[in-house]
Amino acid sequence: MPSTDPIADMFTSLRNAAAVGKRDVAVPASRLKRDIADVLKAEGFLHEVESRGEGVRAELLLSLKYDQQGAPVLRHIQRISSPGQRLSSSYKDLRRVRQGLGLALLTTSKGILTDTQARKQKIGGEIIAHVW
């Protein structure tokens with residue numbers, strides 16, 4: 001049965017893997033998931049992002065990043081905008097996540113951006129998630 005929110009499923013897989021200390025997690029691939037994973041890697045939450053397979057069976061292999069004590073760097077990821085309730089924001093109305101210690105992921109006309117990048121480029125968009 002297909003999922004109604006594959007992005008939320010990806011976030012749940014990441015949360016569950018971090019909770020049990022798993023190093024890698026595989027999720028079904030899509031272009032949006034790949035873009036989100038690339039931003040999470042660039043921001044230091046993921047260690048590696050790798051594509052496996054082709055077509056319908058394509059997967060993304062996401063490697064979680066852990067600190068020196070073995071705690072996951074990705075402590076929390078929360079879906080904000082969902083298929084049933086979209087939440088968009090202008091760049092002026094974007095609030096800092098955890099007083100600047102976290103970040104918001106936005107989907108914009110320029111692709112997936114963090115809240116900081118969106119403010120610098122003066123672009124609003126749909127708030128996908130808060131991460132810290």
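Where a number appears in this text, it was derived from the coordinates with a stated rule and is not lab data. As the structure is a computational prediction, the values presented were derived from the model and not from experiment. All Cβ positions, glycine included, derive from the backbone under ideal geometry; neighbour counts span all protein chains shown.
Tabulated values for the structure
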quantity: Structure-derived percent of Cα pairs over 21 Å apart - corresponding label in [x] 40; [y] 63; [z] 49; calculated: [x]
quantity: Derived scalar couplings ³J(HN,Hα) [region 8-15; Karplus, 6.51 cos²θ - 1.76 cosθ + 1.60; whole Hz; x for Gly, Pro]; calculated: 4, 5, 4, 5, 5, 4, 5, 4
quantity: Estimated dipole of the chain in Debye, rounded to 20 [Cβ of Lys and Arg +1, of Asp and Glu -1, Cα centre]; calculated: 440 debye
quantity: Mean ellipticity per residue at 222 nm, deg cm²/dmol - from DSSP H runs of n ≥ 4 across the chain, formula -39500 (n - 2.57); calculated: -8000 deg cm²/dmol
quantity: Residue-wise HN-Hα coupling along region 78-85, computed from phi with Karplus coefficients 6.51, -1.76, 1.60 (Hz; x: Gly, Pro); calculated: 10, 6, 9, 8, 10, x, x, 8
quantity: Principal-axis tilt of helix 31-42 within the chain, Cα atoms, nearest 10 degrees; calculated: 90 degrees
quantity: Candidate aspartates and glutamates for bridging to LYS120, where Cα separation is under 15 Å - those fewer than 8 sequence places away on the same chain excluded; calculated: ASP93
quantity: J(HN,Hα) series, region 49-59, from Karplus relation 6.51 cos²θ - 1.76 cosθ + 1.60, nearest Hz, glycine and proline x; calculated: 10, 9, 9, 10, x, 9, x, 5, 8, 5, 10
